[in-house]
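See structure below.
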Amino acid sequence: MERETLKFVIVGHVDHGKSTLIGRLLYDTGSLPDEKIEEIRKFCEALGKDIEFGYVMDHLEEERDQGITIDTAQIFFNSAKRDYVIIDAPGHVEFVKNMITGASLAEAAILIVDAEEGVREQTKRHAYILGMLGLSQVIAVINKMDLVGHRKERFDEVKRDLLKFLDGIHISPGQVIPISAKNGENVAKGSDSMGWYTGPTVLQALDLLRPKPGAADHPMRFVVQDVYNFSKRIVVGRVESGVVSAGDPLLILPSREKTTVKSIEEFLRTPASAEAGKAVGITTAEKVFVDRGNVLVPPGPPHPSVTNTIRANIFWMDRRPSGPGEVFRFRCATQEAACRIETIHAIRDSSSLETISRDGGEIRNREVADVTLKTEKDVVIEDFNLTEALGRFVLARQDTCAGGIITGFSA
């Protein structure tokens, strides 16, 4: 029987110990090769330090020099129950774009807080993004308990502050765990120094999480990447959900033309079907117009929405502010269209959750806005929890300036 896999992201304020927690999980589950442990040991000795498990993830020279994680990395380990993919999302304030990218790939999250420093601005900002992305499975860990004498009183104080904030954004962590990632306390093993804590370790709490239902169980969605004309015309793309098979009837969105799958094409083979996650080619029985950005679906409901008016939450990531009327590039899956902010309904500070009233409705760096967007042409969108690729998007000037989650639409 194939083992199940769960992807989770670790987020929190810079220097609160994300990379150290990852390194400790890998070390304590026997997932690090001996040569990697020796490499880390020698590197730390050269710096005059004890072994630092954070260097497992901070493998880039620039990261080691600066002491911050600057990219989103994935690494693998397993427990007795299942396999895990860890997505290490940056904590530094300038790398919020990478954090959103990482979190959007996850099924669950660990939110880490330093017991000494307590809940900080980026703790709140990252928690807000988790809520915006619909990540409901959250484990909270209070790290560096060794620095506060393993005191239950300090744990209770930080836990109270954290839960008060999370309640305001409708996140209810399944567990709040006191740990020392550096010493391996309550990570994969218990802690003699915190006998007052009787809950699960981080590893046990991870094993209690539920993987998302497989995308193969959802209605079929095929996002078109390109169309090739060789000896036969092949529509190339990715099956985002469901299963597509030879002989299936198809509806092409947004044009609403109908056709039938003639064959599924892979390199040197023609399988009978392809399931979610597969990048394949499709040939059609009828001659129809298909282009990049189109979405192929079964003809029966439920269908994605075809619209040019979108309600969304966006997280602004550009130093230059914006307001209604400015034109952007809207990018969702392989779709791209000119777009403008038609209405700003609310602007919030992403760390305090305070609603900001500002003349002209200008959205500034690291603020969250509830907006209505207007695209120059119809686009195909769907609920994020049903088809992630059709439920999230970015706005771009020259570079990406905002990431968003679709919350509604107008026909």
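The values are calculated or read from the model by the stated rules, or taken from the named source; none is laboratory data. Nothing here was measured: the structure is a model prediction, and the numbers come from that model. Note: ideal-geometry Cβ built from the backbone for every residue, glycine included; neighbour counts use all protein chains shown.
Conditions tested, residue by residue: (1) within 26 Å of the chain's Cα centre (by Cα); (2) over 30 Å from residue 174 (Cβ atoms); (3) free of Cβ contacts under 8 Å to residues at least 12 places away in the same chain.
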{"site": "211", "(1), (2), (3)": "yes, no, no"}
{"site": "225", "(1), (2), (3)": "yes, yes, no"}
{"site": "236", "(1), (2), (3)": "yes, yes, no"}
{"site": "246", "(1), (2), (3)": "no, yes, no"}
{"site": "257", "(1), (2), (3)": "no, yes, no"}
{"site": "268", "(1), (2), (3)": "no, yes, yes"}
{"site": "289", "(1), (2), (3)": "no, yes, no"}
Of all residues in the range 23-55 being of a type outside the set (Phe, Trp, Tyr), under 17 Å from residue 144 (Cβ atoms) and surrounded by 20 or more Cβ atoms within 10 Å (Cβ to Cβ), the one that is modelled with the highest pLDDT: 25
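Return the only residue of 273, 305, 231 being of a type in the set (S, T, N, Q) and closer than 27 Å to residue 408 by Cα.
Values: 273 fails: closer than 27 Å to residue 408 by Cα; 231 fails: closer than 27 Å to residue 408 by Cα.
Result of the check over 273, 305, 231: 305.
Looking at the structure I just gave you, is residue 344 surrounded by 15 or more Cβ atoms within 10 Å (Cβ to Cβ) and closer than 20 Å to residue 388 by Cα? Break it down stepwise before answering.
Numbers: surrounded by 15 or more Cβ atoms within 10 Å (Cβ to Cβ): yes; closer than 20 Å to residue 388 by Cα: no.
When the stated conditions are applied, residue 344 does not pass them.
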Can you tell me which of 341, 310, 314, 282 is assigned to a strand (DSSP E or B), farther than 30 Å from residue 126 by Cβ and touching a Leu at 6+ places or on another chain (Cβ under 9 Å)? 282
One residue from 322, 305 being more than 20 Å from residue 263 (Cβ to Cβ), more than 21 Å from the chain's Cα centre (by Cα) and crowded, with 22+ Cβ neighbours inside 10 Å: 322
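Is it the case, given these coordinates, that residue 264 is closer than 27 Å to residue 305 by Cα, among the β-branched types (Val, Ile, Thr) and free of Cβ contacts under 8 Å to residues at least 24 places away in the same chain? Let's see the steps before the verdict.
Details: closer than 27 Å to residue 305 by Cα: yes; among the β-branched types (Val, Ile, Thr): yes; free of Cβ contacts under 8 Å to residues at least 24 places away in the same chain: yes.
Spelling it out, residue 264 is indeed closer than 27 Å to residue 305 by Cα, among the β-branched types (Val, Ile, Thr) and free of Cβ contacts under 8 Å to residues at least 24 places away in the same chain.
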For residues that are without any contact (Cβ under 8 Å) to a residue 12 or more places away in the chain and among the acidic types (Asp, Glu), scanning just the range 153-197, find the one that is surrounded by the most Cβ atoms within 10 Å (Cβ to Cβ). 156
Those residues of the range 265-282 that are buried (at least 16 other Cβ atoms within 10 Å of the Cβ) and over 20 Å from residue 387 (Cβ atoms) come to a total of 2
Tell me which residues, restricted to the range 367-387, are of a type in the set (Asp, Glu) and more than 20 Å from residue 316 (Cα to Cα). 376, 378, 382, 383
Any residue at all in the range 353-361 that's in contact with an Asp or Glu (Cβ under 8 Å, 6 or more places away or on another chain), part of a strand (DSSP E or B) and at pLDDT 90 or above? no
If you check residue 390 against the conditions, is it touching a strand residue (DSSP E or B) at 6+ places or on another chain (Cβ under 9 Å), closer than 20 Å to residue 107 by Cα, in the same structural domain as residue 326 (by TED's automatic domain parsing) and crowded, with 20+ Cβ neighbours inside 10 Å? yes
